[in-house]
Amino acid sequence: MADFKKNLALLEAACKNPRAQMDKYLAQGKKVVGCFAPYAPAELVHASGMIPMGLWGGQTELKLAKSYLPAFACPIMQANMEFGLNGTYEGMSAVLIPAMCDTLRCMTQNWRFGVPQIQMVPIVYPQNRQSSASIDYLISEFEQVLVVLATSTGQMMKERLLCETIELYNAHNAVMREFAAIANKHLDVITPVVRHTIIKSAHFYEKSEHLAIMRELISGLNELPEYDFKGKRVLLTGITCEPDELLSILSENEIAVVGDDLAHESRQYRTDTPLTGGGGLKRLAMQWKNRSGCSLIHELGKPRGAMLANLCRETGADGVINCLMKFCDPEEYDLPYLEQDLRDAGFPCMTLEVDPLNTSYEQARTRLQSFAELL
Ligand code: SF4
């Protein structure tokens, strides 16, 4: 328990104050690169000897961002723009912006003009992944990112370091999946807020550091007696489910989170990079080709609903909460398909609009109370 508590406290501190975490790395003489949600190629940053930090918005009052983004841009990008403009990200060497949706495409240009002191590196992922040209194209995108990163580090990334990084990231993926499985045996201590904090914290750590903390945390968790949770169990799907006030409503209603498909959380860790099949860049491109079940990836047949139904069966979840990020078009397009597929499979699904910039959760509280009664 001591190891669990000690390591949880470390991860909580990083989530509460990511800026302090960034300052720690800067004080060590390391360079930090911001990685925009959700698929910035963090491995290239790590292999270049820099620290990738996830930029997934946060709670703030919008003042400056309103001059750059329309009111209907999603809250994650509104907050990222505000933090860029108000100096919260000062000290970053660059930001990587994957142009996955219309809002992210606009962000590349807004950032270029609004925050010129932090270099912006765009990357466009191919959506026609069946074409063999998509691998060559994505490799060329990665190479362009590396050229810009080299202007910060003064040298090009080495293939050997990329291969080591890929192995490290795969090991980290495995440990995060292990945590997600073990957490369900300890739903007394792994509340929805604690589960979210532990998974989110990975965005603010150098990967080997986070891997070591997670291994200790899991071994501390394994020492605890298993807990027979009597409440309802749900899966979360969507982009993110924040802030903690929203997740606390689940605990109030005796609902545990037993799995997730959030882009912010488990979606990050479910697809490993192949260990064979070519050089590091080619294998990273193959990882993109192997991803599935995400609203940001074009896929015929929309397999996300069926995938969630299978995850419900595996985890014993009673239903699914679709955390619909406010103004997120890609998630809205997925919604009718995944709700229908879940209902056909016999799993209740509720869609809850998520706005991390919101400060009042009374409507969400009422809806979640009703959903808890239906489960
Ligand atoms: S995918 Fe959705 S949440 Fe992510 S940047 Fe685009 S609109 Fe925002």
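The values are calculated or read from the model by the stated rules, or taken from the named source; none is laboratory data. Owing to the predicted nature of the structure, the values given are computational and were not obtained by experimental measurement. Note that we place each Cβ from the backbone using ideal geometry, even for glycine, and neighbour counts take in every protein chain shown.
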Of (1) touching a helix residue (DSSP H, G or I) at 6+ places or on another chain (Cβ under 7 Å); (2) in a helix (DSSP H, G or I), residue 312 satisfies every one except (1)
Residue 113 fails exactly one of (1) touching a Gly at 6+ places or on another chain (Cβ under 9 Å); (2) at pLDDT 95 or above, namely (1)
### Task
Evaluate the stretch 104-115: report whether one residue or more is touching a residue at least 60 places away in the same chain (Cβ under 8 Å), within 14 Å of the ligand (Cβ to nearest atom) and outside any loop (DSSP other than H, G, I, E, B).
yes
message = Here is a check on your reading of the model: is residue 299 within 16 Å of the ligand (Cβ to nearest atom), part of a loop (DSSP other than H, G, I, E, B) and either more than 30 Å from residue 366 (Cα to Cα) or modelled with pLDDT of 95 or more (or both)?
response = yes
Taking the stretch 293-309 and keeping residues more than 11 Å from residue 261 (Cβ to Cβ) and surrounded by fewer than 19 Cβ atoms within 10 Å (Cβ to Cβ) leaves 297, 298, 299, 300, 301, 302, 303, 306
Residue set 306, 285, 263; condition among the small types (Gly, Ala, Ser), under 24 Å from residue 203 (Cα atoms), in contact with a helix residue (DSSP H, G or I) (Cβ under 7 Å, 6 or more places away or on another chain) and at pLDDT 95 or above; output residue 285
Selection over the stretch 88-103 where residues are in a loop (DSSP other than H, G, I, E, B), within 16 Å of the ligand (Cβ to nearest atom) and in contact with a Leu (Cβ under 8 Å, 6 or more places away or on another chain) yields a count of 2
Checked pairs for the stretch 67-92, first at negative phi and touching a residue at least 40 places away in the same chain (Cβ under 8 Å), second polar (S, T, N, Q) and away from the ligand (no atom under 11 Å from the Cβ), C-beta under 7 Å and 6 or more apart or across chains, list as 68/110; 69/110; 79/60
Report task. Take residue 5 and decide whether it is over 20 Å from the mean Cα position of the chain (by Cα), in contact (Cβ under 8 Å) with a residue 40 or more places away in the chain and more than 22 Å from residue 242 (Cα to Cα). Result -> yes
